[in-house]
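J.: Take a look at this one; I'll ask things after.
The values are calculated or read from the model by the stated rules, or taken from the named source; none is laboratory data. For clarity, every value in this text was computed on a predicted model and none was experimentally measured. Counting neighbours? That spans all protein chains shown, and the Cβs are built from the backbone with ideal geometry, glycine included. Please note that ligands, DNA and RNA were not included when accessible areas were found on the heavy atoms of the full protein model with its side chains. Shrake-Rupley method; radii C 1.70, N 1.55, O 1.52, S 1.80 Å.
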Amino acid sequence: MKFKIEKVANMVFITSDCDTIFKAWDVREFTERKLKNAMNRIAKDYNGLVSFEKKF
């Protein structure tokens, strides 16, 4: 499954191919560590069969 990591206005989102939002953060609260943890949780849920594309 493919996921996109996008920054829209003042929010950062992890969304799937079908535009389902899996995780969202306000830009002021966003850190790379939170992103890494969320990516690891999603990969674990899908048995590692995922890819992430960062668009910002």
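J.: With n ≥ 4 as the cut-off for DSSP H runs, can you work out [θ] at 222 nm for the chain, using -39500 (n - 2.57) per run divided by the number of residues, rounded to the nearest 500? Working shown, then result.
T.: Values: 1 runs with 14 residues, N = 56.
Roughly -8000 deg cm²/dmol at 222 nm, from the helical runs in the chain.
J.: What figure in square angstrom, to the nearest 10, would you give for the accessible area of residue 27 with a 1.4 Å probe?
T.: 60 Å²
J.: Kindly provide the chymotrypsin sites (Phe, Trp or Tyr not before Pro) of region 1-47 that DSSP labels as loop, not H, G, I, E or B, and whose Cβ sees at most 15 other Cβ atoms within 10 Å.
T.: For chymotrypsin sites (Phe, Trp or Tyr not before Pro) across region 1-47 that sit outside H, G, I, E and B with at most 15 neighbouring Cβ atoms in 10 Å, the list reads 30, 46.
J.: Give, as a single signed number, the net charge of other residues whose beta carbon lies under 13 Å from the beta carbon of residue 10, with Lys and Arg counted +1 and Asp and Glu -1.
T.: Result for the local shell: -1.
J.: Using only the alpha carbons of the chain, what is the convex hull's orientation-averaged projected area in square nanometres?
T.: Here the figure is 3.5 nm², rounded to one decimal.
J.: Relative to the present Cα-Cα distance, how much length would full extension add between residue 53 and residue 41 at 0.36 nm per residue of separation?
T.: Length gained between residue 53 and residue 41: 2.7 nm.
J.: Still on this structure: Hey, rough spin-label estimate for residue 8 and residue 27, points 7 angstrom out along Cα→Cβ, what's it come to in nanometres?
T.: 1.5 nm
J.: Further question: Taking region 1-31, which trypsin sites (Lys or Arg not before Pro) meet the DSSP loop condition and have no more than 15 other C-beta atoms within 10 Å? Each step should come with its number before you reach the end.
T.: On the way: sites: 2, 4, 7, 23, 28; in loops: 28.
Filter output for region 1-31: 28.
J.: Angle check, please: helix 32-45 long axis (alpha carbons) against the longest principal axis of the chain (alpha carbons), in degrees 0 to 90, nearest 10.
T.: That works out to roughly 30 degrees.
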